[in-house]
1. The conditions are (1) open to solvent by 60 Å² or more (accessible area, probe 1.4 Å); (2) in a helix (DSSP H, G or I), and THR286 fails exactly one of them. Which is it?
2. Looking at VAL115, VAL141, can you tell me which residue is modelled with pLDDT under 80 and in a helix (DSSP H, G or I)?
3. Scanning for something under 21 Å from the mean Cα position of the chain (by Cα), closer than 30 Å to ASN78 by Cα and assigned to a helix (DSSP H, G or I), does segment 321-331 turn up at least one residue?
4. Taking segment 441-461 as the search range and keeping residues that are outside any helix (DSSP H, G or I) and open to solvent by less than 10 Å² (accessible area, probe 1.4 Å), which one is modelled with the highest pLDDT?
5. Could you tell me how many of the residues in segment 23-50 are part of a strand (DSSP E or B) and out of contact with any Ser or Thr (no Cβ under 8 Å at 6 or more places or on another chain)?
6. What is the one condition in (1) open to solvent by 10 Å² or more (accessible area, probe 1.4 Å); (2) at pLDDT 95 or above that PHE473 does not satisfy?
7. I'm told GLY154 meets every condition in (1) among the small types (Gly, Ala, Ser); (2) open to solvent by 10 Å² or more (accessible area, probe 1.4 Å); (3) within 22 Å of PRO500 (Cα to Cα) except one. Can you identify the failing condition by its number?
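The values are calculated or read from the model by the stated rules, or taken from the named source; none is laboratory data. Please read these numbers as outputs of a predicted model, since none were measured by experiment. Backbone-built Cβ (ideal geometry, glycine too); neighbour counts: all protein chains shown. These area figures cover heavy atoms from the full protein model, side chains too; ligands, DNA and RNA do not enter into them. Shrake-Rupley method; radii C 1.70, N 1.55, O 1.52, S 1.80 Å.
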Amino acid sequence: MDGPVAGGLLGRIERLGNRLPDPVTIFVLLGAATLAASSIAAHLGLAVTHPVTGARVGVVDLLSSAGLRTVLTGVVPNFTGFAPLGVVLTVMLGIGIAERSGLLAAVLRASVTGVPPRLVTPAVVLAGLNSHVAADAGYVVLTPLAALLFATLGRHPLAGVAAVFAGVAGGFSANLFLSALDPMLAGLTQEAARLWDPSYTVYATANYWFLAASVPLLTLVGWFVSDRIVEPRLGAWTPPADVPALTPLDALERRGLRWAGVAVVVALAGVVALALPGAPLRAPETGDLEPFFASLVTLLTVVFAVPGIAYGVATGSLRSDRDAAGMMARAMADMGPYVVLAFFAGQFVAWFRQSELGLVVAISGANALRAADLNGVPLLLGFVGLTAFIDLIMASASAKWAAMAPVFVPMFMALGWSPEVTQALYRVGDSFANCVTPLNPYFPIVIVAVRRWAPEVRLGTLLAAMVPYAVAFGVAWSALAVAWVLLGLPLGPGAPIRFPPG
């Protein structure tokens, strides 16, 4: 399978992707292009009529004297004011403790080692889907564990890796729990929405109900594809003599999970108490939950950190406050590449907003879509497909959305769709192609996990095994998204379908 696949379309995509510069360089180029485009468009007198206010909106020349003052004096504020930066770093403080104390790895192991053999496949897919709460831990922890699990059952290890990889990569946004990606994307969506409506707010829970409902659908689809399509085509597999028994959690780890479970209950009880009528996170005047939603980033950090501390104390992986501080410091160190990316992405987003190019492009694009009578299902599916195509050559979810949101969020708002709808469609398109793009940085880890038990497997073999998942996830998930939107079902707490809301 390796030769034909690698030499065909996937091979061309891989070669094209290898020619792309680093994401930091991409944002440098986007920023430079924005400055140049703003100057050219301003000199051409490019302007449109705002369909809501009726005001004439023209492009601002950022290379003029006044424009350059705005650009140069705004570099630091553009960086520190980049909405996703503080959100992501704050949440990662809590996730760092939960991950490095060993809690997340223990939870992921427990989720796939205590199920009947006939339910191993859906359990593996489900564990992959919900591993996103632990950032990229699913790739690192679950992939070799799935290979070992299937090998001990006498099943082809590639089938186990394919099933968990489909959940982790192909179902990237689906989750029963909020993850660091939710506030990150919501921040980018809010920045883009404010190009159109300066007061618009997008919460981290903007797509929660839709994404949680996606989990059972993708679990069933992944189960069917694994057992009926992928595994039968892999053929017979002869286990080597050194296949070990799958080791369950030991007594210390189980004790740690019990402590963590109690800590989770206490933490969640505290969160609920803060949101009860008359509690501090209710608006004093109206009693609504806006302060609660605005506090979700802080609450998420606590909900991760408290059980992580409990687990670490119970197992001995966390013996002092210095250990906890060190865990958070290592989590911040791991976020170094993201901080660098955020600096340049923040400049691009700010310049794009200040130039008014986003509004002009959005209004012009919306007018063109209206003229083409393209809205409804064709528009929704077309946007999902476009996102999936871009995902094949640009893997980072946040980097793609930082570039796409300033154009598409205002454009969809002009057509009457809320920013939350645009974000939900983006998350579908951004996910299912992840498991077939050779640019996924975790492909080497996946290959190593498989070749431990099946040395003949190559990248092309893995890609060919993942294509059925990508197709099935893409069809089923897109259908669910379109049906959800057309039925007017709420995407998340306080997230409207139409714009203006109401």
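1. The one condition THR286 does not meet is (2).
2. VAL141
3. Looking through segment 321-331, at least one residue is under 21 Å from the mean Cα position of the chain (by Cα), closer than 30 Å to ASN78 by Cα and assigned to a helix (DSSP H, G or I).
4. Checking each candidate, the answer is ALA454.
5. Within segment 23-50, residues that are part of a strand (DSSP E or B) and out of contact with any Ser or Thr (no Cβ under 8 Å at 6 or more places or on another chain) number 2.
6. Unmet for PHE473, out of (1) open to solvent by 10 Å² or more (accessible area, probe 1.4 Å); (2) at pLDDT 95 or above: (1).
7. (3)
Listed here are the residues, each with its yes/no results for (1) of a type in the set (Lys, Arg); (2) under 16 Å from PRO117 (Cβ atoms); (3) part of a loop (DSSP other than H, G, I, E, B); (4) open to solvent by less than 20 Å² (accessible area, probe 1.4 Å).
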position: PHE150; (1), (2), (3), (4): no, yes, no, yes
position: ALA162; (1), (2), (3), (4): no, no, no, yes
position: ALA166; (1), (2), (3), (4): no, no, no, yes
position: LEU178; (1), (2), (3), (4): no, no, yes, no
position: ASP182; (1), (2), (3), (4): no, no, no, yes
position: LEU188; (1), (2), (3), (4): no, no, no, yes
position: ALA192; (1), (2), (3), (4): no, no, no, yes
position: PRO198; (1), (2), (3), (4): no, no, yes, no
